[in-house]
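Below you'll find the structure, written out as structure tokens, and then a few comments.
The values are calculated or read from the model by the stated rules, or taken from the named source; none is laboratory data. Everything quoted here is computed from the prediction, not taken from an experiment. Here the Cβ is made from the backbone with ideal geometry for all residues, glycine too, and neighbour counts use every protein chain on show.
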Ligand code: ATP
Ligand code: MG
């Protein structure tokens with residue numbers, strides 16, 4: 001149903017493509033500017049949230065310029081429902097704070113104002129300007145050209161140049177309801193092209209996350225990345241390993257939990273963008289025989305998309321537990337062989353190692369890493385816990401997630417794990433009385449875990465060579 005509505009909106013949009021009413025495209029040294037007056041485009045205030053309108057009007061009535069910008073404008077023009085509404089203004093963060101009691105100033109790299117309406121937050125950003133002389137307090141870059149601070153304020157034209165893609169440099173003016181389209185943003189929207197503003201190499205170095213954003217918008221909006229914008233990505237992808245892990249976590253949520261995980265994953269692999277985020281998983285894709293890791297990734301991504309489309313919950317605990325399962329298993333095997341620890345202890349040590357390493361690039365909050373560990377530990381118990389012990393396992397709070405992972409492993413690994421997964425499936429899906437029969441039926445059969453790494457056998461010291 002939703003698909004049909006969005007298809008209809010798309011067609012509507014395509015049929016009356018917003019013909020830009022060009023009021024002197026401004027070229028000069030800056031970006032081209034097209035201004036589309038109120039009757040030349042399809043955005044109406046009804047499509048903008050009440051809270052965003054409140055913020056826009058209050059800024060405007062207080063004498064400031066106020067625009068809806070970015071995804072809000074882009075998505076409405078495409079017939080999609082915007083995820084959130086962002087506002088750009090010439091009021092400084094301190095001015096904004098004075099105007100709104102419900103305002104919180106956030107961010108260091110970019111100082112922003114959040115206007116909070118319960119769970120709804122309207123992000124208000126002051127126009128960014130160019131960094132001329134270097135003043136560490138307001139702007140700063142590292143040796144690779146990455147912007148560590150970007151708090152120089154400027155005019156709307158400069159602000160547009162500092163945005164990432166042309167399709168995001170669209171501003172809806174609340175004072176006269178016109179749209180300002182910079183750098184050919186509207187034409188690119190019509191042509192379904194993702195084009196970076198400015199020199200791609202410089203813009204990716206300033207902020208490597210833009211490479212991930214290019215992929216995300218391409219899949220979300222069903223657009224092509226312009227070849228000039230796509231070209232440097234492969235070479236610059238390793239710069240992603242330098243992004244603060246907390247920011248990367250936010251990006252990962254947007255990439256994998258919004259219904260486009262599989263498409264994003266495939267495109268990230270094509271551009272070499274997956275490995276810097278998940279180095280341990282990536283190493284196994286190349287190393288491990290039988291392609292288990294690669295298959296698990298495909299299955300998890302597809303599965304997550306299906307759950308999102310069915311409005312089921314998706315949790316980072318399960319996602320990370322699933323894609324890091326083979327690195328944990330591999331590490332546990334290594335530890336068991338090297339140290340002679342028991343199967344269980346080797347796994348516990350491996351979980352700690354793998355999580356610690358993963359958190360260097362993506363900081364998974366503890367509220368998710370703790371249940372991820374539970375899901376892993378339960379794998380061991382599920383592998384051995386058929387028979388009457390199964391009833392107890394069923395009551396574990398993380399049973400469902402662990403069982404789901406076991407099913408995915410069955411799909412990926414086949415063989416013994418697939419048989420165990422099948423047994424659990426029959427058990428879980430049966431009613432109470434049948435469950436007892438299923439549990440009893442396993443009695444006497446061999447439930448030894450054949451997947452457990454073998455402990456290192458102590459060899460007898462080799463006989464000393466006979467003395468001559
Ligand atoms: P969505 O909210 O649907 O993910 P969006 O385009 O609104 O898409 P936001 O992250 O909300 O994305 O950012 C709002 C706007 O801020 C963007 O449209 C873009 O103009 C600008 N922006 C965001 N991130 C960057 C960045 N890394 N570099 C330059 N500009 C950016
Ligand atoms: Mg947004």
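Counting only residues that are within 13 Å of ligand 1 (Cβ to nearest atom), more than 15 Å from residue 70 (Cα to Cα) and not in a helix (DSSP H, G or I), the range 210-235 holds 1 of them. Quick check on the range 68-79. Is at least one of its residues within 16 Å of ligand 2 (Cβ to nearest atom), out of contact with any strand residue (DSSP E or B) (no Cβ under 9 Å at 6 or more places or on another chain) and at pLDDT 95 or above? There is at least one residue in the range 68-79 that is within 16 Å of ligand 2 (Cβ to nearest atom), out of contact with any strand residue (DSSP E or B) (no Cβ under 9 Å at 6 or more places or on another chain) and at pLDDT 95 or above. A Cβ distance below 7 Å, combined with a sequence gap of six or more or placement on separate chains, defines the contacts here; from the range 123-135, residues that are more than 20 Å from residue 64 (Cα to Cα) and assigned by TED's automatic domain parsing to the domain that holds residue 60 reach residues that are modelled with pLDDT of 70 or more and surrounded by fewer than 19 Cβ atoms within 10 Å (Cβ to Cβ) in the pairs 130/152; 130/154; 130/158; 131/152. Of the residues making up the range 173-183, those that are surrounded by 24 or more Cβ atoms within 10 Å (Cβ to Cβ) and within 13 Å of ligand 1 (Cβ to nearest atom) are 181, 182, 183. Has the range 90-107 got at least one residue that is within 16 Å of ligand 2 (Cβ to nearest atom), touching a residue at least 12 places away in the same chain (Cβ under 8 Å) and surrounded by fewer than 17 Cβ atoms within 10 Å (Cβ to Cβ)? No, there is no match, as no residue in the range 90-107 is within 16 Å of ligand 2 (Cβ to nearest atom), touching a residue at least 12 places away in the same chain (Cβ under 8 Å) and surrounded by fewer than 17 Cβ atoms within 10 Å (Cβ to Cβ).
Among the residues of the range 169-204, those that are within 16 Å of ligand 2 (Cβ to nearest atom) and touching a helix residue (DSSP H, G or I) at 6+ places or on another chain (Cβ under 6 Å) comprise 169, 170, 172, 185, 189, 194. The single condition from (1) in a helix (DSSP H, G or I); (2) at pLDDT 95 or above that residue 277 fails is (1).
The residue that is nearest to residue 64 (Cα to Cα), among those in the range 97-108 that are more than 16 Å from ligand 1 (Cβ to nearest atom) and in a strand (DSSP E or B), is 103.
Count of the range 25-77 residues, restricted to those that are within 16 Å of ligand 1 (Cβ to nearest atom), crowded, with 22+ Cβ neighbours inside 10 Å and not in a helix (DSSP H, G or I), is 7.
Return yes when residue 47 is modelled with pLDDT of 95 or more and under 20 Å from residue 190 (Cα atoms) and no when it is not. Yes. Kindly evaluate residue 349 against the criterion of being free of Cβ contacts under 8 Å to residues at least 12 places away in the same chain, touching a helix residue (DSSP H, G or I) at 6+ places or on another chain (Cβ under 6 Å) and surrounded by fewer than 20 Cβ atoms within 10 Å (Cβ to Cβ). So residue 349 does not fit the description; no.
Could you grab me the full set of residues in the range 184-209 that are outside any helix (DSSP H, G or I), away from ligand 1 (no atom under 12 Å from the Cβ) and surrounded by fewer than 19 Cβ atoms within 10 Å (Cβ to Cβ)? Across the range 184-209, the qualifying residues are 192, 199. Checking each residue in the range 78-87 for being surrounded by fewer than 24 Cβ atoms within 10 Å (Cβ to Cβ) and more than 6 Å from ligand 1 (Cβ to nearest atom) picks out 78, 79, 80, 81, 82.
Residues in the range 32-65 that are within 28 Å of residue 198 (Cβ to Cβ) and away from ligand 2 (no atom under 16 Å from the Cβ): 32, 33, 34, 35, 36, 37, 40, 41, 59, 64, 65. Across the range 245-267, the number of residues qualifying as more than 11 Å from the chain's Cα centre (by Cα) and without any contact (Cβ under 8 Å) to a residue 60 or more places away in the chain comes to 4.
Considering (1) in contact with a strand residue (DSSP E or B) (Cβ under 7 Å, 6 or more places away or on another chain); (2) over 14 Å from residue 172 (Cα atoms); (3) more than 16 Å from ligand 1 (Cβ to nearest atom), the lone condition that residue 94 does not fulfil carries the number (1).
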